[in-house]
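Data first, discussion second: the structure below is written as structure tokens.
The values are calculated or read from the model by the stated rules, or taken from the named source; none is laboratory data. None of these values were measured; they are calculated from a predicted model. Cβ coordinates were reconstructed from backbone atoms using ideal geometry, including for glycine residues, and neighbour counts include every protein chain displayed. Ligands, DNA and RNA are stripped out before the accessible areas are found, and what is left, the full protein with its side chains, is counted by its heavy atoms. Shrake-Rupley method; radii C 1.70, N 1.55, O 1.52, S 1.80 Å.
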Amino acid sequence: MIVSGFCHLARSSAKHDASVELLLDGRLRIMTEQGQQELPLAELEISEPLGDLPVKLVFPDGMQFIPHDSRLLESALHYRQSARLHRVERSLPLIVGSLVAMVLLFVVFFTHGIPWLSGVLARGMPTQVSVVVGEHVLSTLDEHLLDPTELSIEQQASINQRFTDMTAQLPQLPVPPKLLFRSWGAGPNAMALSDGSVIVFDALVDLAETPEQLDSILLHELGHVQHQHIMKSLVRSTLLSASVAVLTGESTGLIDTFSGAGVFLATQGYSRSAEQEADAYAASQMKRLYGTVLPMQQMFRLLNTTEGNGELPEWLSTHPELKSRIEALTE
Ligand SMILES: [Zn+2]
């Protein structure tokens, strides 16, 4: 499309007839009495039309072009925008690339940055915090989930004695360990709290065929205490919620859903690696104390037979993937 108008040469008020033509390759041709030149649109300064002021093209050498009909030039310039769109389409790989890079950055931040920071913060946390948190969690569990043990006083005393003798032989733990007995309808299990409490459930005591088998699970729980997994995951989930809030600002329903899933996945990934660390701790202490991990493998097999009864809520299932863990121990 050719748009006619007039031009002012640089530093001159004289008007000359001129016309411009937008070429298909995104260049503009200007034809004047002196001749014609072509240049990329990008090198032109295009004044936005203000009220009744006409659109004006300013060339790099200072020459100005003013069309007779501003609307005609404006509609011709729409081509410029579609040309820009073409460029964007051509740079699609670039856009996809940056998106992928951004997603990777977030993933690394959530999978490595936050766990690392949680470790640093949890290690720097005063013991008093772990104790207060542990006590609070225990009273909540007692209130809503756990029942008093039904084990005999003698049975408790003998397990407690083994626990005391065993922990005396362990490298110093971040908080002094203690053993608690409770009853829980959700099957054989044990759990560690941040204050060093190891809670063993009646069903686990009943399931163990030898004292060493029970020791292996207690050692696994002490592995969680040794690595401060409880405080780390508490700090971590706090950091995750805070980061998600910061990253999303005012969150909408969709973002809530996505970030909720992200938080869940990240937490799950962490707890799996925590289980492996606790297993490794238990296995190495079993070897040191008893010269074998066999009781631990036997105990895992016993637990495996009780898994999958559907009684254990997933979020409370602290010992997932028993099968692969038995295999890991065998290696
Ligand atoms: Zn565990």
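Ligands, DNA and RNA excluded, the heavy atoms of Leu145 present near 60 Å² of accessible surface to a 1.4 Å solvent probe. Multiplying the residue separation of Ser183 and Ser158 by 0.36 nm and subtracting their alpha-carbon distance yields 7.2 nm. Label positions at Glu43 and Glu209, each projected 7 Å from the Cα along the C-beta direction, are separated by 8.8 nm. Tell me the net charge near Pro295. Cut-off is 13 Å between Cβ atoms, Pro295 excluded, with +1 for each Lys or Arg and -1 for each Asp or Glu. Charge balance in the 13 Å sphere: 0. Using R₀ = 56 Å, calculate the FRET efficiency as 1/(1 + (r/R₀)^6) where r is the Cβ-Cβ separation of Thr111 and Ile2; round to 0.05. My answer for the efficiency is 0.40. Using heavy atoms of the protein chains and a probe of 1.4 Å, the accessible area assigned to Val55 is about 0 Å². Taking all protein chains together and rolling a 1.4 Å probe, Arg27 ends up with roughly 80 Å² accessible.
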